[in-house]
Amino acid sequence: MKAHCGTWMWSFAAGVLLIGLGACGGLGGPNPPNHYYVLNAASTASAIGVGQAQHGPLIGVSPVSLPAYLDQAGITTRGAGNEVVRAEYDRWAGPLGSEITRVVGENLALMVPTDRLTTTQTGRSISLDYLVEIEIAAFERDQSGAVQLVARWSLFSQDGNNLLTMQTSRISRPTSGSDYDSDAAAMSSALEALCHDIAAAIRENLATPRTTKAPPKATK
């Protein structure tokens, strides 16, 4: 009888302990809060091409293409070897591709400069002076603590019908800390450097004298 009573008391005590732990948020405790991050465009002071933007060229920026491993809500960093690490509670405030496209548009508007730039495809027929297409191959913090950006980009004229240049930019930017806010800041800096490359190509083309063909002579 005593043994039976002791077993019952032990079971009762264990049950009370589990209920108490559950009331305190479970065995693992409460989940930490989510943190959300955005990318920032260049400041006016750092955009070396800043000038009078009115009547600038009409530029279209196509939605940026991302590999599937980066096109995720959780911020992705590079682990050892082929491993990637995805944050569980630190996330992008919006789709990363949309964030990159937005920042590229804001940067190019400052750096070219122009106030006639679109990053949306409305289905309307707009005659563009230049079209920018960007394909991201890598864009994450590596194990050394630096953000690595590899971007293949193309610049078209004549409403996207004439390829002017196709280049690959490889950019590295150190982070100021080991937190995700530092990652987002370094990624913004890398995008700024990429946009300087693209804006330079646009300005160079704008400065190139246009040659026009003389009309053919009439035959008698």
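Taken together, the values in this text are just the output of simple stated rules run on the coordinates, not laboratory data. Here the structure is a predicted model, which is why all the values come from computation and not from measurement. Cβ coordinates were reconstructed from backbone atoms using ideal geometry, including for glycine residues, and neighbour counts include every protein chain displayed.
Worth a mention:
- Placed amide H near LEU70: partners under 5 Å, 5+ positions off or other chain: none
- Cα gyration tensor shape of the stretch 52-132, rounded if a/c is under 1.5, else prolate or oblate by comparing a/b with b/c: prolate
- Evaluated at q = 0.16 Å⁻¹, a Debye calculation over the C-alpha positions of the stretch 110-214 (equal weights, vacuum) places log10 I(q)/I(0) at -0.81.
- Semi-axis lengths, Å, the stretch 44-203, gyration tensor of Cα atoms, sqrt of 5 times eigenvalues: 29, 16, 14
- The label point for SER172 and the one for ASN205, both projected 7 Å from the Cα toward the Cβ, are 3.1 nm apart.
- For peptides 191-197, 127-133, sequence by mean Cβ density within 10 Å, most packed first: 191-197, 127-133
- Equivalent-ellipsoid semi-axes of the stretch 150-194, from the Cα gyration tensor, Å, largest first: 31, 10, 6
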